[in-house]
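In what follows, a structure is listed as structure tokens, so that the remarks can point back to it.
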Amino acid sequence: MRLCLAVIVVGSIGLLAQTRTAAAQQQNPKVRAITAFVRLDRDQYRKQIDEALAVLVKAKAEFVSSGYQVETMRITTQPLAELVAGMPEDKALAFLRDLDDLSVKESFLPDVGPAMLHDSDDPATMHLLERALSTLPNIESNAVIADDEGIHWKTIHRTAELVRFVSEHSPHSQGTFNFTAIAMLKPLSPFFPGSYHTGAGRQFAIGFEGANVVRDVFAKDKGNADAATADLTAALEKHTAVADTIGRKVAAETGWTYVGVDPTPAPLGDVSIGAAIEAFTGARFGSSGTLTAARIITAAVKAVPQHQTGYSGLMVPVMEDKLLAQRWAEGTYNIDSLLAYSAVCGTGLDTVPLPGDVSIEQMERIYSDVASVAIKWNKPLSARLQPIPGKKAGDRTEFNDPYLFNTTLHPLP
């Protein structure tokens, strides 16, 4: 009898603990990304991947035990040209295919950094990347269109060509989802596809999916900018402090370097930054007050005292956020709106659908505008443009991806 009672008590305690953990996970933001930065040696890269995954798994376990769900583990390599240096293009593509296959087998997302880091880089690497993005479903990458040296005009032109090619040659035109142009973004961002590093590796960073945190604060402090800024800073700090503690612990145990957290409240699906902003303004996203809400979010993010890396601003991904996709279809905001918001926040133009007949020159002008805003205000921005061949303004997108929400195409700017 006593044994049975003990079993019941122990079982009840275990069930209570599981219930509390589940409740905490529902309240806490998800950890969108734990990202490792590695400098792969092609002769022993599988061993290096295994080592990186061991660090990521350890960090994931710490978050889970602290009541957080972890969505993805990610690995960013050195820039693509360095990764495949000395390899003929076909062999380089085969190597990338092996890396892509390995990422599926080992459950991580791979990013091979910029195909062009400097404007003087050989654009041939962009041709390799065109083929990779058109045929490999998981490899992600980017190109740097502006940095401290200025705007990279040659890279902008080659980037527009790449996006056009990939939109025409990848299944459902979805290869463009795995590529972005980045401007004034420093190395070691945990968020893809703009992630890159140029050092020796053995580092890791953390990024949250925290749009729900913003929603809760904005619903409480509707219309009160001062209260919303203070309360959102405190709410974000609660979670970045956990990340900081876990990061330092894992670093001490593994010998890897923890480089910081990106407090950007990333949205995804129903965890909507658009809905959060509407909770504050009381109006549809894109209405007057949207820019003010964007400024509040960015100010709160910047005020978080833990060491930050990456964008550390605001993400407005048109097709990754269910409500933003709906508002785009309704025409409440457009590319010019997003560029205006970028003056007080980030990340620029993210998952923006374009009609299939967009010209190289039109995309160059869009990239140039993003680069110009980034240079002017010395802030990290990106541009993930997604043309859809055969579609025109007024048509609806037909992406077949669980992370993209279809919407209506706008006329070309």
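Readers should treat all values here as calculations from the given coordinates under stated rules, not as data from a laboratory. These figures come from a predicted structure and were not determined experimentally. So basically every Cβ, Gly included, is an ideal-geometry build from the backbone, and we count neighbours across all protein chains shown.
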Please report the relative contact order for the chain, taking Cα pairs under 8 Å with a sequence separation of at least 6, and give it as a percent rounded to a whole number.
16
What shape does the stretch 91-136 take by its C-alpha gyration tensor, where a ≥ b ≥ c are the square roots of the eigenvalues and a/c under 1.5 counts as rounded, a/b above b/c as prolate, and the rest as oblate?
prolate
Rg and Dmax [Cα atoms of the stretch 181-268; Å; Rg one decimal, Dmax integer]:
15.4, 47
How would you rank 315, 87, 184, going from fewest to most other Cβ atoms within 10 Å of each one's own Cβ?
87, 184, 315
What does the charge count near residue 123 come to, summing +1 for each Lys or Arg and -1 for each Asp or Glu among other residues with Cβ under 11 Å from its Cβ?
-3
Which loop-located GluC sites (Glu not before Pro) does the stretch 307-413 contain, where loop means any DSSP state but H, G, I, E or B and the Cβ has at most 12 other Cβ atoms within 10 Å?
398
Using the Cα centre of the chain as the reference point, and only Cβ charges (+1 on K/R, -1 on D/E), how large is the resulting charge dipole? Debye, rounded to the nearest 20.
1160
Out of 205, 292, 129 - ranked by how far each Cα lies towards the positive end of the dipole of the stretch 30-413, with unit charges on the beta-carbon of charged residues - the top one is 292
Please enumerate, by chain and number, the lysines with C-alpha under 26 Å from the C-alpha of residue 238, excluding those fewer than 8 residues away in the same chain.
30, 58, 60, 186, 220, 222, 249, 302, 379
Would you pull out the residues with amide H under 5 Å of residue 140's amide H, same chain only if 5 or more places away, H placed 1.01 Å from N?
111, 112
Convex hull of Cα atoms in the chain, direction-averaged projection (nm²)
21.6
Loop-located GluC sites (Glu not before Pro) in the stretch 140-194 whose Cβ has at most 14 other Cβ within 10 Å (DSSP)
149
In the chain, helical segments from DSSP H whose Cα atoms cover 18 Å or more along their own axis and that average at least -0.5 on the Kyte-Doolittle scale are 2-27, 45-65, 89-106, 153-169, 225-254, 290-303, 360-377
Order of 239, 118 under a 10 Å beta carbon neighbour criterion, fewest first
118, 239
As a footprinting exposure proxy, order 287, 342 by other Cβ within 10 Å, with the fewest listed first.
287, 342
Helical mean residue ellipticity (222 nm; -39500 (n - 2.57) per DSSP H run of 4+; nearest 500) of the chain:
-15500 deg cm²/dmol
What spacing in nm lies between the two simple spin-label points modelled at residue 105 and residue 27, each 7 Å away from Cα in the Cβ direction?
4.2
The stretch 327-413: chymotrypsin sites (Phe, Trp or Tyr not before Pro) in DSSP loop, at most 14 other beta carbons within 10 Å
403
Under the 0.36 nm per residue contour assumption, what length would be gained going from the current alpha-carbon distance of residue 365 and residue 238 to full extension?
41.7 nm
Using alpha carbon centers only, the stretch 144-203 is separated from the stretch 76-107 by a whole-angstrom value of 16
